[in-house]
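J.: Before I ask anything, here is the structure I am working with.
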Amino acid sequence: MISPPMATHLLPARTISPVSNGCAAAAIPSSPSMAARPRRIPSGLQSVTGRGKFSLAAVTLDDYLPMRSTEVKNRTSTDDITSLRLITAAKTPYLPDGRFDLEAYDSLINMQIEGGAEGVIVGGTTGEGHLMSWDEHIMLIGHTVNCFGTRIKVIGNTGSNSTREAVHATEQGFAVGMHAALHINPYYGKTSIEGIISHFEAVLPMGPTIIYNVPSRTAQDIPLEVIMAISGYPNMAGVKECVGHERVKHYTDKGIAIWSGNDDECHASRWKYGATGVISVASNLVPGLMHSLMYKGENATLNEKLLPLMKWLFCQPNPIALNTALAQLGVSRPVFRLPYVPLPLEKRIEFVRIVEAIGRENFVGQKEARILDDDEFVLISRY
């Protein structure tokens with residue numbers, strides 16, 4: 001009879017080689033005192049005790065963290081993240097062969113910094129992290145830290161619907177220097193409330209973390225009880241919330257930092273419902289105006305002026321409109337990784353009119369907004 005194979009720690013299908021940090025691998029503790037402080041860990045270790053009716057691995061928090069140096073621990077505090085009011089969900093530009101256009105990317109990040117953005121999400125929904133290999137994803141996080149990490153907080157989207165992939169990517173993201181992680185709840189397959197809590201518990205010990213709730217994409221809301229269950233973790237920085245003002249107020253009343261995930265609601269969320277700020281798509285285009293919206297008090301006039309742009313940006317699923325707009329402004333090449341394709345001609349014409357109404361000087365880049373022809377766009381299926 002053939003014996004079953006021994007359990008191994010397999011790397012995710014999309015991965016890069018582990019980043020060495022000079023720390024020895026954690027051993028399973030044998031002393032009763034250590035076993036008395038169980039923590040959930042993202043590995044195949046045997047479970048022996050735990051919270052509630054589910055068993056947890058008998059390993060202390062410090063024993064399994066992949067990076068334990070003083071330099072890593074002291075690099076960024078959760079307070080450094082919760083103080084950020086304008087975070088840009090950055091676009092990832094491409095070359096005609098589908099590779100990252102790092103020159104255009106660096107220029108865009110510089111424009112965000114100059115416009116007043118204090119943080120940047122790398123490889124999020126807007127940055128098309130779901131179309132990247134983990135090689136590309138971790139490289140872009142590391143590149144952003146290397147080039148801009150002293151001038152802006154780098155928040156890597158290392159979330160996944162697979163807990164194993166989320167843990168592995170988050171280890172690597174912090175190893176290459178990101179200041180915080182963005183984590184979504186498991187999507188498509190979905191899971192139970194207890195499963196969502198356990199998923200977040202697996203990644204929260206690694207560093208400052210923003211939880212991202214966007215039911216329109218995950219098909220599952222992160223309910224109040226989940227956030228309250230994990231709110232006591234020291235690394236819980238807050239929530240990017242897309243459900244609406246009532247949810248925002250519930251959390252802010254309890255002292256939880258909230259960033260609006262909806263540009264068209266962020267002004268009211270900030271000034272009427274207590275949100276810390278916004279994680280913004282529109283700030284890719286008008287960072288200075290979005291900074292004013294978050295910092296200079298209630299400004300209904302400016303908000304009304306920006307609403308047509310915000311609504312246009314979501315006329316089709318993000319980041320289709322943003323990709324089209326940045327190409328029209330000459331900030332990025334008109335290259336799309338499928339399945340994204342540019343907006344139709346009438347929407348491209350509408351964008352030029354919006355730019356004229358708001359004022360070209362308020363937008364990123366130096367070139368005039370153009371109405372690109374269909375044949376100027378490049379669509380790439382292999383990348």
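J.: Of the listed pairs K190/K296; K254/K347; K153/K254; K153/K305; K240/K367, which have alpha-carbon separations greater than 30 Å here?
T.: Violating the 30 Å limit, Cα to Cα: K190/K296; K254/K347; K240/K367.
J.: Solvent-accessible area of S231, probe 1.4 Å, all protein chains present, reported in Å² to the nearest ten, please.
T.: About 50 Å², ignoring ligands and nucleic acids.
J.: Let me ask something else about it. Of all the C-alpha pairs in region 104-223, what % are more than 26 Å from each other?
T.: Roughly 18 percent, once rounded to a whole number.
J.: Give the whole-number value, in cubic angstrom per residue, of the convex hull volume spanned by the C-alpha atoms of region 197-324.
T.: 117
J.: With the cut-off at 14 Å, report for region 193-245 the share of all Cα pairs above it, as a whole percent.
T.: When all Cα pairs of region 193-245 are counted, 50 percent exceed 14 Å.
J.: With a 1.4 Å probe and all protein chains in place, put C266, C315 in order of accessible area, largest first.
T.: Accessible-area ranking of C266, C315, largest first: C315, C266.
J.: Compute the whole-percent fraction of alpha carbon pairs in region 268-347 spaced more than 23 Å apart.
T.: Summing the P(r) of region 268-347 above 23 Å gives 28 percent of all pairs.
J.: OK, next. Suppose accessible area is computed on protein heavy atoms with a 1.4 Å probe; arrange Y233, Y188 from highest to lowest.
T.: The ordering from most to least exposed comes out as Y188, Y233.
J.: Which trypsin sites (Lys or Arg not before Pro) from region 254-320 combine a DSSP loop assignment with at most 15 other Cβ atoms within 10 Å?
T.: K254, K272, K296
J.: Moving to a separate point now. How much area per residue is accessible in region 159-283 when the probe is 1.4 Å and only protein heavy atoms are counted (Å²)?
T.: 32
J.: State, as an integer percentage, the relative contact order of region 78-297 based on alpha-carbon contacts under 8 Å between residues 6 or more apart.
T.: Worked out over region 78-297, it gives 21 percent.
J.: Still on this model: By per-residue mean of other Cβ atoms within 10 Å, what is the highest-first order of 78-85, 189-196?
T.: The packing order, highest mean first, is 78-85, 189-196.
J.: Separate question: Given a 1.4 angstrom probe, I'd like the percentage of the accessible area of region 108-238 that is carbon and sulfur, rounded to a whole number.
T.: 51
J.: Taking the Cα atoms of region 78-297, report the difference between the largest and smallest coordinate on each principal axis, in whole Å and largest first.
T.: 44, 42, 28
The values are calculated or read from the model by the stated rules, or taken from the named source; none is laboratory data. On a predicted model such as this, the values are computed, not experimentally measured, just so you know. Don't worry about glycine lacking a Cβ; one is built from the backbone with ideal geometry, like all the others, and counts go over all protein chains shown. The protein model used for the area step is the full one, side chains on, heavy atoms only, and it has no ligands, DNA or RNA in it. Shrake-Rupley method; radii C 1.70, N 1.55, O 1.52, S 1.80 Å.
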